[in-house]
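Q: One structure follows; several queries about it will come next.
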Amino acid sequence: MAGSHKAGAAGRRESGSSGAPRRRNKRSRARIAGVTALSVVVLAVAGGGWIYFQLNGNIRTFDDGGVSANRPAASTNGSNVLVIGSDTRSGDNAEYGHGKGDIGRSDTALLLHVYADQKHAVAVSIPRDSLVDIPPCKLPSGTWTKEKHNEMFNSAFEVGETVEGNPACTQNTVEKLTGLRVDHTMVIDFAGFAKMTEAVGGVQVCVPNDVYQGDLNPKLGRKGDRIFSKGPQTVSGQKALDYVRIRHGIGDGSDIGRIQRQQAFVGSLIKKVKGNGLDPTTLLPLATAATKSMTVDPGLGSPNKLISFAMSMKDIDLHNTKFVTLPWRYEGARVAVVKPEADALFAALRADRTVDGQDAAGKGKDASAAPSPTAPAAPASGQGISVAVYNGTLEKGLAGKASEALKAAGFTVTGATTAATQDYTHTVIEYGANDEAKAKTLATHFPGALMRQSKTPGLNVILGTQYKEGGADAAPSTPASVPPSVADKARSADDNICSNLSYG
């Protein structure tokens, strides 16, 4: 029925799934998913079957039954991998941190976008204190939570308060935030990070100033011994973990203040692995350490699946491996996501545009050539199709304007009202499982709109500022691009390890 459908749609946002409730907190060490998978590739090919079975026995998977059914559509432009750093203190992790292993927490996460040309990749760091919407998530009991607004990003991983954490909930939150479908999710813990750095023989890093025990643990109550001297050095194990964890004594003492340093660490790790050479002798310890501490979605739950994933990244060189940070600003003690820059960043990834503006959609040898303009599909008749219209902007009367245009095209408009939030950039079309064909007809009236499948039957269109600026037939006049405020701060894996070590 239109009435019940309307109530659910009004709470949905362009960057994710339904806002209607359904009845039913470490570090950047996790950012080595590509390195891990590449090591598995070489070992599986060159190391023989016993290595395959050894690694296969190490890989753990999480239950993906908690992944939302209301997801962004699968993209033909590249793939997206969510990497989560877990700081649980249980098991082997107890020796690597302070505190108790009561529940799994995550303080670091990134979304790795591997472009369709398989020659570029960008990792987007998501600050743990970012204030975001957390969609309904599945609890261990099988029931689902209600959507929460303006919550810290890392709290999604704690939903359900289990030692393992809730990677599916974090995945749901990232999809809602970005509008990108997450193809795979990985979780790597303290012990795994420390052992991987030992397996590669240490990683070269740079420290901007001397650091002391009291900087690592402010509760110590004194300066303590010096644990890092200023300048370049090689670290591994606990020392590497301390490097990426330190907040105090470097920068402004905040969590977000260390993101750039963590990104530099991952770039240096990738450089070290490639410099060591891709042979079984050097990669077996790395792959073994990684797979023993890694939990993945079922789609990556075997060496074969990891191999397939790794093959998409084997040709990406250091310079084309980029790191950026979700556009942010301080909001008291927390971090607010800055729009429209964040929307523009994720739109660029959806369009497979690189940080430096290239089209990396992988369409063959002529992909760099200017494509011939393609006329948008002519608006189709809406005869026999019902749709509810929501205004996701601050411009008054926009829903009514769109409704009249749709009625003139033959659609039956079941309602025109204001969405629960008015911060949409792109227009969003939501459709039920059996309504995709109708949604495609509706989309001919909203070129450039984002398509979202919903659990609820029927059609909704939520208008964004893109519609506001140009009307129902407006299409983007220029290709999506990474905002200069983001691109100018991007880091490459081959950058000097001593450059830009504070802030994201």
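The values are calculated or read from the model by the stated rules, or taken from the named source; none is laboratory data. This structure is a prediction, so every number in the text was calculated from the model and none was measured. Here the Cβ is made from the backbone with ideal geometry for all residues, glycine too, and neighbour counts use every protein chain on show. In case anyone asks, the SASA skips ligands and DNA or RNA and just uses the protein heavy atoms, side chains included. Shrake-Rupley method; radii C 1.70, N 1.55, O 1.52, S 1.80 Å.
Q: Touching a Ser or Thr at 6+ places or on another chain (Cβ under 9 Å) and at pLDDT 90 or above: is that true of Val296 in this structure?
A: When the stated conditions are applied, Val296 does not pass them.
Q: Can you name the residue in the range 452-488 that is in a loop (DSSP other than H, G, I, E, B), out of contact with any helix residue (DSSP H, G or I) (no Cβ under 8 Å at 6 or more places or on another chain) and within 30 Å of Asp317 (Cβ to Cβ) and is also modelled with the lowest pLDDT among such residues?
A: For the range 452-488, the residue satisfying everything is Thr478.
Q: For the range 409-433, which positions are at pLDDT below 90 and farther than 15 Å from Ala73 by Cβ?
A: Ala420, Thr421, Gln422, Asp423, Tyr424, Thr425
Q: Considering the range 404-423 alone, what residues qualify as being assigned to a loop (DSSP other than H, G, I, E, B) and crowded, with 16+ Cβ neighbours inside 10 Å?
A: Ala409, Phe411, Ala419, Ala420, Thr421, Gln422, Asp423
Q: Is it the case, given these coordinates, that Lys401 is at pLDDT 90 or above and open to solvent by 30 Å² or more (accessible area, probe 1.4 Å)?
A: yes
Q: Right, next: Go through (1) under 24 Å from Ala73 (Cβ atoms); (2) at pLDDT below 90; (3) touching a Gly at 6+ places or on another chain (Cβ under 9 Å) for Ala344 and report which single condition fails.
A: All conditions are met except number (3).
Q: Another one. I'd like the full set of residues that are part of a loop (DSSP other than H, G, I, E, B), closer than 26 Å to Leu326 by Cβ and either of a type in the set (Ser, Thr, Tyr) or open to solvent by 30 Å² or more (accessible area, probe 1.4 Å) (or both), limited to the range 131-150.
A: Within the range 131-150, Thr145, Lys146 qualify.
Q: Is there any pair with a first residue in the range 214-243 that is more than 21 Å from Phe265 (Cα to Cα) and of a type in the set (D, E, K, R) and a second that is outside any loop (DSSP other than H, G, I, E, B) and at pLDDT 90 or above whose Cβ atoms are under 7 Å apart and which are 6 or more apart or on different chains, and what are they?
A: Note: pairs meeting the criteria are Lys223/Tyr212; Asp225/Tyr212.
Q: Which one of these is surrounded by fewer than 15 Cβ atoms within 10 Å (Cβ to Cβ), under 28 Å from the mean Cα position of the chain (by Cα) and farther than 21 Å from Ala493 by Cβ: Asp252, Asp225? Before the answer, list the steps.
A: On the way: Asp225 fails: under 28 Å from the mean Cα position of the chain (by Cα).
That would be Asp252, the only listed residue that is surrounded by fewer than 15 Cβ atoms within 10 Å (Cβ to Cβ), under 28 Å from the mean Cα position of the chain (by Cα) and farther than 21 Å from Ala493 by Cβ.
Q: Restricting attention to the range 364-371, does a residue exist that is at pLDDT 90 or above and more than 30 Å from Ile259 (Cα to Cα)?
A: Checking the range 364-371: not a single residue is at pLDDT 90 or above and more than 30 Å from Ile259 (Cα to Cα).
Q: Taking only the range 188-200 into account, find how many residues are open to solvent by 50 Å² or more (accessible area, probe 1.4 Å) and either hydroxyl-bearing (Ser, Thr, Tyr) or touching a strand residue (DSSP E or B) at 6+ places or on another chain (Cβ under 8 Å) (or both).
A: Step one: filter the range 188-200 for residues open to solvent by 50 Å² or more (accessible area, probe 1.4 Å), giving 195, 198.
If we keep only those that are either hydroxyl-bearing (Ser, Thr, Tyr) or touching a strand residue (DSSP E or B) at 6+ places or on another chain (Cβ under 8 Å) (or both) too, we end up with none.
Total meeting the criteria: 0.
Q: Condition first: modelled with pLDDT of 90 or more and open to solvent by less than 50 Å² (accessible area, probe 1.4 Å). Can you find one or more residues in the range 443-451 that meet it?
A: Taking the range 443-451 and keeping what is modelled with pLDDT of 90 or more, we get none.
Scanning the range 443-451 turns up no residue that is modelled with pLDDT of 90 or more and open to solvent by less than 50 Å² (accessible area, probe 1.4 Å).
Q: Inspect the range 43-57 for any residue being in contact with a Ser or Thr (Cβ under 8 Å, 6 or more places away or on another chain), surrounded by fewer than 23 Cβ atoms within 10 Å (Cβ to Cβ), over 30 Å from Asp352 (Cβ atoms) and modelled with pLDDT of 75 or more and give the result as yes or no.
A: Scanning the range 43-57 turns up no residue that is in contact with a Ser or Thr (Cβ under 8 Å, 6 or more places away or on another chain), surrounded by fewer than 23 Cβ atoms within 10 Å (Cβ to Cβ), over 30 Å from Asp352 (Cβ atoms) and modelled with pLDDT of 75 or more.
Q: Sticking with this structure for a sec: I'm checking my understanding of the structure. Among residues of the range 228-248 that are surrounded by 18 or more Cβ atoms within 10 Å (Cβ to Cβ) and either more than 28 Å from Ala290 (Cα to Cα) or β-branched (Val, Ile, Thr) (or both), which one is modelled with the highest pLDDT?
A: Val235
Q: Being assigned to a loop (DSSP other than H, G, I, E, B) and at pLDDT 85 or above is the filter here; which residues of the range 66-84 pass it?
A: Val67, Ser68, Ala69, Arg71, Gly78
Q: List the residue pairs whose Cβ atoms are under 8 Å apart, where the first residue sits in the range 456-467 and is within 11 Å of Thr414 (Cβ to Cβ), the second is at pLDDT below 85 and among the acidic types (Asp, Glu), and the two are 6 or more positions apart or on different chains.
A: none
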